[in-house]
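Here the structure is laid out as structure tokens; the discussion comes afterwards.
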Amino acid sequence: MVTTTPDRSTRTLGILGIASAVTLALSLIFIFFVARLPSEPQGFCAAPCAAHRIFYFHVPAAWVAYLGFAIVFIASVAHLRTGARRWDLLAHAAAEVGVVFCSLVLITGPIWARPVWGTWWQWDARLTSTFVLWLTYVGYLFLRALTTDPARTGRLAAVVGIVGFLNVPIVHFSVQWWRTLHPAGPSPVFLDRSSGLGGQELLAFFTALIAFTLVFSWLLSLRTRLGRLSDSVLAQELAESAALRRSSPEVVTT
Amino acid sequence: VSALTAVVLAYASVGIAIGGYLTSIVIRQKRLRERGAELPRRAN
């Protein structure tokens, strides 16, 4: 008798989902009840500026967007080298999830900027390059949706995924290369630059960073599984249509 | 927009975006399953 084990990936996905929800809830507690607001005014926002709390979700959203696009880059290179469908599915899933988080960066940023800068948007280097990054990957998803041959789509999309990633370092270092309104935090290049955050604020920030990484991994796994399910339907429908053609060849006109 | 309104808007947008995307995945998965989609299961 052939028995089947419970789907292990479903269990792993469940655990990942619960871990994401718990960490996200914990990060909200730290952000709203533990982290202190800056004692100095933030631009037009008088101290204590509540808008500072947006930073705790804005920066992790940017980090996971970068992570998503880095996965698109790696999976696209692997797909072009091996031609394996699984890399193409991973690249597609990572691009979609990356676009969701990049959209959040572009939404939460202007919401923070309005009370602090006095304007929703400035065409400065960081904001403009992030917008171009978002447009690139939205274009990538449109390209995938508009072409019908899976093999050709995979190769074309892989090229866009590789070229599009070149903008990520430009976005990240734009605050150091050009004069921008956007605040520049500490980076591997400028380790001496202080984040201005105390222990309680760093706890809230890193918990949010872990929470966003877990949520990203969960969504990526779900989306990759969706791609595999879609492939299984396509294969099934192709097999059915081939069987139909074999059984009644006169029906086929093309 | 006051700082407090900005915080509410920002956190609400994060919740709506992640929740909305998750719902879209679940709906698409349900539709595929209705069309007979199956992931290969490991046999003992």
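The values are calculated or read from the model by the stated rules, or taken from the named source; none is laboratory data. All of these numbers come straight from a predicted model, not from anything done at the bench. Here the Cβ positions follow ideal geometry from the backbone for every residue, glycine too, while neighbour counts run over all protein chains shown. Calculation scope for accessible area: heavy atoms of the full protein, side chains included, ligands and nucleic acids excluded. Shrake-Rupley method; radii C 1.70, N 1.55, O 1.52, S 1.80 Å.
A few comments on the model shown:
- Counting only alpha carbon atoms, the long axis of helix B:3-34 and the longest principal axis of chain B meet at about 10°.
- Taking a ≥ b ≥ c as the square roots of the eigenvalues of the Cα gyration tensor, the stretch A:1-108 is classed as oblate, since a/c reaches at least 1.5 and a/b does not exceed b/c.
- Taking all protein chains as shown and a probe of 1.4 angstrom, A:ASP231 keeps an accessible surface of around 40 Å².
- Loop-exposed trypsin sites (Lys or Arg not before Pro) per DSSP, neighbour cap 16 Cβ within 10 angstrom, longest uninterrupted part of chain A: A:37-178
- Sites A:VAL22 and A:ARG246 - FRET efficiency at Förster radius 51 Å, r taken between beta-carbons, to 0.05: 0.45
- Rolling a 1.4 Å probe over the protein heavy atoms leaves A:TYR137 with an accessible area of roughly 0 Å².
- Interface of B with A. Using a 1.4 Å probe and counting protein heavy atoms only, the two chains hide about 3300 Å² of accessible surface, both sides summed.
- Principal-axis tilt of helix A:85-117 within chain A, Cα atoms, nearest 10 degrees: 30
- Label-point separation, A:GLN176 to B:SER13 (7 Å along Cα→Cβ), nm: 2.8
- A Förster distance of 41 Å, applied to the separation of the beta-carbon atoms of A:SER39 and A:LEU135, puts the FRET efficiency at 0.60.
- Global form of chain A, assessed from the alpha-carbon gyration tensor, a/c cut-off 1.5: prolate
- Surface composition of chain A: carbon and sulfur atoms hold 69% of the protein heavy-atom accessible area at a 1.4 Å probe.
- Isolated cysteines of chain A, defined as having no other cysteine beta carbon under 4.7 Å away, are A:CYS102.
- A 1.4 Å probe run over the stretch A:1-156, with the rest of the protein chains in place, finds 50 Å² accessible per residue.
- Summing charges over all other residues whose Cβ lies under 15 Å from the Cβ of A:ILE162, with Lys and Arg as +1 and Asp and Glu as -1, gives +2.
- Residue list for the stretch A:158-175, given a label point 7 angstrom along the Cα-to-Cβ vector of A:PHE142 and an amide N cut-off under 20 Å: A:158-168
- Annotation for A:LEU238 and A:ASP149: the two label points, set 7 Å from Cα along the Cα-Cβ direction, are 1.3 nm apart.
- In the stretch A:94-125, burial by the other protein chains removes 50 Å² or more of accessible area from A:VAL100, A:LEU104, A:ILE111, compared with the chain on its own (1.4 Å probe, ligands and nucleic acids ignored).
- Residue-level accessible surface for A:TRP218, protein heavy atoms, 1.4 Å, Å²: 60
- Between A:ALA184 and A:ALA70, full extension at 0.36 nm per residue minus the direct alpha carbon distance yields a gain of 38.9 nm.
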